[in-house]
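Notes follow the structure.
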Amino acid sequence: RLSHCSPKTRLRSLRRLSASRADNVGSVPVVELANGLELASLGIGAWAYGNNTYWQTAWDAQAEQSAADAVRVALEVSGGKPTFDTAEAYSFPQGAESSESIIARALGVQGSSASVITKFAPAPWKNGRDAVVNACKKSCERLGAREFVDVYLLH
């Protein structure tokens, strides 16, 4: 389980997984959801991307490069179709920058093949249909002007 590891530990673990599967790249099993959407069973949680509050470190060029390396390895291991888990809440005030934006930059033009799960952060002042739709639109913008997200969850 890599969800609670630091970005560097996660990257090392992904590299070991990638090396152990070098002859089998792209064979990550796919999970089919009830609506027919297929997601890679290997997902990358991006909560730590940009989060300098929990890790008490600066989000700098080196941290950005580590995140980009983890995304690249995920692309390799999954045959170009990884699943990324992020949320609108993985941003200020807990982070120096939005996890969604970091994923978008790391994916670049390859992002169209990746699946993205992101989440709506409910709050007393954010309720109703319009709040959800507006938050989803903003997430799509942060994710590199995507037209949609693959899965949108209530956080």
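The values are calculated or read from the model by the stated rules, or taken from the named source; none is laboratory data. Note that the structure is predicted; figures quoted are calculated from it, not measured. Using ideal geometry, Cβ is built from the backbone for each residue, glycine included, and neighbour counts are taken over all protein chains shown. For accessibility, only protein heavy atoms count, side chains too; no ligands or nucleic acids. Shrake-Rupley method; radii C 1.70, N 1.55, O 1.52, S 1.80 Å.
General remarks:
- Hey, Ser18 open to solvent by less than 50 Å² (accessible area, probe 1.4 Å), at pLDDT 75 or above and over 16 Å from Asp150 (Cα atoms) or not: no
- Annotation note: of Ala58, Ala89, Ala74, the sole residue that is touching a residue at least 60 places away in the same chain (Cβ under 8 Å) and more than 21 Å from Ala40 (Cβ to Cβ) is Ala89.
- In the set Ala68, Ala106, Ala114, Ala61, only one residue is farther than 22 Å from Arg146 by Cβ, at pLDDT 85 or above and either in contact with a helix residue (DSSP H, G or I) (Cβ under 6 Å, 6 or more places away or on another chain) or open to solvent by 10 Å² or more (accessible area, probe 1.4 Å) (or both); that residue is Ala61.
- Positions within the stretch 24-58 being among the small types (Gly, Ala, Ser), crowded, with 18+ Cβ neighbours inside 10 Å and farther than 23 Å from Lys81 by Cα, in sequence order: none
- Of everything in the stretch 117-133 that is surrounded by 13 or more Cβ atoms within 10 Å (Cβ to Cβ) and either modelled with pLDDT under 90 or over 12 Å from the mean Cα position of the chain (by Cα) (or both), the residue that is nearest to Leu75 (Cα to Cα) is Phe120.
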